[in-house]
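The values are calculated or read from the model by the stated rules, or taken from the named source; none is laboratory data. Fair warning: this is a prediction, and the values are worked out from it, not measured in the lab. Glycine also receives a Cβ, built like all others from the backbone with ideal geometry; neighbour counts cover every protein chain displayed.
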Amino acid sequence: MAYPGINIARLASKIQREPFLVSKPFTILHVGTNDVNSLSEDEIISDFNNLIAIVRRVSNTFLLVSSILPRPLDYEDTSDKVKNVNKQLKKLCGENHVRFLHSYRPFFECGQPIRRLFAVRDGGLHLNTAGQNKLCSFFINTVAHL
């Protein structure tokens with residue numbers, strides 16, 4: 001299920017209220033991009049830690065956490081933060097026996113976000129159809145190889 005505009009803390013609350021959302025054999029959490037501009041790295045990791053704990057408490061799903069994607073809109077300002085958060089998130093996932101997905105990789109070319117995968121109208125804030133298809137294919141391929 002997708003919840004456009006949701007942040008980590010709101011997703012955690014939603015799952016706590018509606019545990020059936022993570023009742024499937026596999027659950028991929030792809031969230032956090034909306035928190036990059038408003039929270040510190042430590043706050044983002046803390047929120048992810050809480051989210052993982054809530055999912056673990058309400059479900060036995062095989063949990064996968066997707067990395068935060070780069071955004072062409074603010075990449076110059078947020079690239080270091082996104083890289084640092086993804087490194088810390090990978091470590092957090094390892095400590096919690098959660099699969100970390102390097103989903104950012106298909107969205108980079110020559111060290112920059114691939115602009116053609118992001119919407120033009122919003123300046124590169126959201127994925128366009130091609131970007132959504134690429135992310136979906138990445139997720140499907142990942143789950144197929146578990």
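Filtering the range 48-71 for residues that are hydroxyl-bearing (Ser, Thr, Tyr), in contact with a strand residue (DSSP E or B) (Cβ under 8 Å, 6 or more places away or on another chain) and under 23 Å from residue 108 (Cβ atoms) leaves a non-empty set.
For beta carbons closer than 6 Å, sequence separation of 6+ or different chains, a first residue in the range 58-83 that is in a strand (DSSP E or B) and a second that is hydroxyl-bearing (Ser, Thr, Tyr), the qualifying pairs are 63/27; 66/103.
Consider residue 94 against the criteria (1) farther than 19 Å from residue 8 by Cβ; (2) free of Cβ contacts under 8 Å to residues at least 60 places away in the same chain: it satisfies all of them except one. Which criterion is unmet? Among (1) farther than 19 Å from residue 8 by Cβ; (2) free of Cβ contacts under 8 Å to residues at least 60 places away in the same chain, the lone unmet condition for residue 94 is (1). The residues of the range 4-30 that are part of a helix (DSSP H, G or I) and either of a type in the set (Val, Ile, Thr) or modelled with pLDDT under 95 (or both), listed by number, are 8, 15, 22. When the range 86-103 is filtered for residues that are surrounded by 17 or more Cβ atoms within 10 Å (Cβ to Cβ) and either touching a strand residue (DSSP E or B) at 6+ places or on another chain (Cβ under 7 Å) or in a loop (DSSP other than H, G, I, E, B) (or both), the ones remaining, listed by number, are 89, 93, 98, 100, 101, 103. Out of everything in the range 79-96 that is touching a Ser or Thr at 6+ places or on another chain (Cβ under 9 Å) and of a type in the set (Lys, Arg), what residue ends up being farthest from residue 48 (Cα to Cα)? For the range 79-96, the residue satisfying everything is 81.
Taking (1) closer than 30 Å to residue 20 by Cβ; (2) in contact with a helix residue (DSSP H, G or I) (Cβ under 7 Å, 6 or more places away or on another chain) in turn, residue 143 satisfies each apart from (2). Taking the conditions exactly as written (under 19 Å from residue 92 (Cα atoms) and surrounded by fewer than 17 Cβ atoms within 10 Å (Cβ to Cβ)), does residue 66 satisfy them or not? Judged against the criteria, residue 66 is not a match. When every residue of the range 33-46 is checked against the conditions, none turns out to be under 26 Å from residue 137 (Cα atoms) and of a type in the set (Gly, Ala, Ser). Taken over the range 1-16, the criterion of being crowded, with 18+ Cβ neighbours inside 10 Å and closer than 21 Å to residue 135 by Cβ is satisfied by 7, 8, 11, 15.
No other residue among 118, 138, 108 is of a type outside the set (D, E, K, R) and in contact with a Gly (Cβ under 6 Å, 6 or more places away or on another chain) apart from 118. Across the range 109-137, which residue is surrounded by the most Cβ atoms within 10 Å (Cβ to Cβ) among those that are small (Gly, Ala, Ser) and not in a loop (DSSP other than H, G, I, E, B)? Applying the filter and picking the extreme gives 131.
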